[in-house]
Structures are given as structure tokens and as C-alpha cells.
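Worksheet: the structure to be examined is printed underneath.
The values are calculated or read from the model by the stated rules, or taken from the named source; none is laboratory data. Computed from a prediction, not measured in an experiment: that's the story for all the values here. Backbone-built Cβ (ideal geometry, glycine too); neighbour counts: all protein chains shown.
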Amino acid sequence: MAYLSQVQTPGPILSASFSVASIGDNTVVAAVAGKKIDIVRIMFTNTGANSITFKDGAGTALTGVMDFAALAPFYAEGDNCPLFETATGNAFIINLTAATKVAGKVDYTLSP
């Protein structure tokens, strides 16, 4: 497995921290006109049980619904490729089914 520092990316690795607690869609990385968002690493924990879906904008699910118990940590890192990629001009969204806090950080790049 390659370390993220060894992965070639189309640009600098950017970071966004987040803390969300609203049922429904929560924007983690805002859309950038003319760019795709490539998520290369994500980590978070949640204060209460929740079901979470990662989404490409408001319409396209990138994962199925994933169930997390309270205080369950999550960490994922791409192995020479992004974990998720949005369509051009779309935001990276976390959808929650419960109003419990989910907080963490994503590392990403922007590509044409």
C-alpha cells in the first residue's frame, strides 16, 4: 500500500474540516465550477448512532447507506487513487439519517 504522500495528484492536497448534525444532506466540500473533487482521505467520528451516505452533489450516492454505532471512528485513505470523485461542478456531501454530530476531516484535490 502506498502512503498518501507517495500518491501522484493533479494538484495540491487540500483539507476541509467538518462538524455536521443535520438530518439530510450536509456539504463537506463545496462545489467548484469546472472542477471535480477527488477525496483522497476521510476521517470522522460521531456522537450518536447514525446511518451515513457519501454523495456526489445532491443526487448521486457514492456509497450505500452505512450504519455507525455511537462514537464509532471511521478512517479511509485511497491507495494510489481517490476514494471518491464527484462530477464536474458538484459538491461532496455527507447525508445523515439522525441529528447527531459527525465531525472530522477530508483531504482532497481538485481536477479538471
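If you scan segment 53-106, which residues turn out to be touching a Leu at 6+ places or on another chain (Cβ under 7 Å) and either free of Cβ contacts under 8 Å to residues at least 40 places away in the same chain or not aliphatic (A, V, I, L, M) (or both)? Residues satisfying the conditions are PHE54, LYS55, ASP56, ALA76, GLU77, PHE84.
Restricting attention to segment 37-57, which residues are in contact with a strand residue (DSSP E or B) (Cβ under 6 Å, 6 or more places away or on another chain) and loosely packed, with under 14 Cβ neighbours inside 10 Å? Correct list: SER51 only. Right, TYR75: modelled with pLDDT of 95 or more, hydroxyl-bearing (Ser, Thr, Tyr) and more than 17 Å from LEU14 (Cβ to Cβ) or not? So TYR75 fits the description; yes. Summed over segment 87-109, residues that are surrounded by 18 or more Cβ atoms within 10 Å (Cβ to Cβ) and assigned to a strand (DSSP E or B) total 11.
Residue count for segment 1-28 under the criterion of being modelled with pLDDT of 75 or more, more than 19 Å from PRO112 (Cα to Cα) and not in a loop (DSSP other than H, G, I, E, B): the result is 10. One residue stands out in segment 61-82 among those that are part of a loop (DSSP other than H, G, I, E, B) and of a type in the set (A, V, I, L, M, F, W, C): the one that is farthest from ILE94 (Cα to Cα), namely CYS81.
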